[in-house]
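Working notes, structure below.
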Amino acid sequence: MLLDKLTKKEILIMSILWDSESPLSASEIKELSNEDLSIYTVQQVLQRLLKKDFIKVAQIIQKNKTFMRIYSPVLTQTDYIKSFINKKTSYELASGFIETSNDIQELDSLEELIKIKKKEL
């Protein structure tokens, strides 16, 4: 599945959503951004991401007398990145990571994932 490439602003907003443990409103995204974005820009980018099916409206809440949409990602950052990597590149990345890793816990974790995957097949 090849996904649309995101623009810089779309990636910025998606990164904020991916890093958040809970859905966010446009004003919360604006506050968490390290760039000087207007609320209008944030809302425009959110609308584009909704049209591309990268995010969804998780809920609509009322704050004071105003209703706000709360957004959450539809796909993970890993799934987005994987959509641009072919099988050969995936293998090269995985083997390169294993060859250069000095962390026994990470290697043990990968080994366990491989065992689980082999049982599934």
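The values are calculated or read from the model by the stated rules, or taken from the named source; none is laboratory data. Please read all numbers here as calculations on a predicted model, not as lab measurements. Ideal geometry is used to build each Cβ from the backbone, glycine not excepted, and the neighbour counts take in all protein chains shown. The area values use the complete protein model at the heavy-atom level, side chains included, leaving out ligands, DNA and RNA. Shrake-Rupley method; radii C 1.70, N 1.55, O 1.52, S 1.80 Å.
If you take all other residues with their beta carbon under 13 Å from the beta carbon of TRP18, and give Lys and Arg +1 and Asp and Glu -1, the sum is -4. Shown for the chain: the carbon plus sulfur share of the solvent-accessible area, taken with all protein chains present and a 1.4 angstrom probe, equals 53%. For the chain, compute Rh as the Kirkwood radius over C-alpha pairs and then the Stokes-Einstein diffusion coefficient at 20 °C and 1.002 mPa s; write the answer in µm²/s, rounded to an integer. The estimated diffusion coefficient comes to 127 µm²/s. In this view, the solvent-accessible surface of LEU49, computed with a 1.4 Å probe and all protein chains in place, comes to about 0 Å².
Of GLU99, GLU21, GLU35, which is the most mobile in a GNM of the chain whose springs link Cα atoms less than 10 angstrom apart? Among GLU99, GLU21, GLU35, the largest mean-square fluctuation in the Gaussian network model of the chain belongs to GLU99.
Residues ASP19, ASP108, ASP79, ASP36, ordered by accessible area of protein heavy atoms at a 1.4 angstrom probe radius and largest first, appear as ASP36, ASP19, ASP108, ASP79.
Under the simplified labelling scheme, the SER22-GLN43 pair shows an inter-label distance of 2.3 nm, with each label point 7 Å from Cα along Cα→Cβ. Helix-only arithmetic for the chain: the sum of -39500 (n - 2.57) across DSSP H runs with n ≥ 4, divided by the residue total, places the mean residue ellipticity at 222 nm at -17500 deg cm²/dmol.
Only protein heavy atoms count here; under a 1.4 Å probe, ARG69 has an accessible surface of about 110 Å². Note on exposure: ILE116, ILE104, ILE16 ranked by accessible area (1.4 Å probe, complete protein assembly) read ILE104, ILE116, ILE16, with the most exposed listed first.
In this calculation the C-beta distance from ILE61 to GLU99 is compared with R0 = 41 Å, giving a FRET efficiency of 0.25.
Highest GNM mean-square fluctuation among THR76, THR41, THR66, for the chain modelled with Cα contacts below 10 Å: THR66.
Under the convention that each Lys and Arg Cβ holds +1 and each Asp and Glu Cβ holds -1, the size of the dipole of the chain around its Cα centre is about 800 debye. Pairs exceeding a 18 Å alpha-carbon distance, out of LYS9/LYS51; LYS9/LYS65; LYS87/LYS117; LYS5/LYS30; LYS5/LYS82; LYS5/LYS52: LYS9/LYS65; LYS5/LYS30. Probing with 1.4 Å while keeping every protein chain in the model, the per residue accessible area of the chain equals 77 Å².
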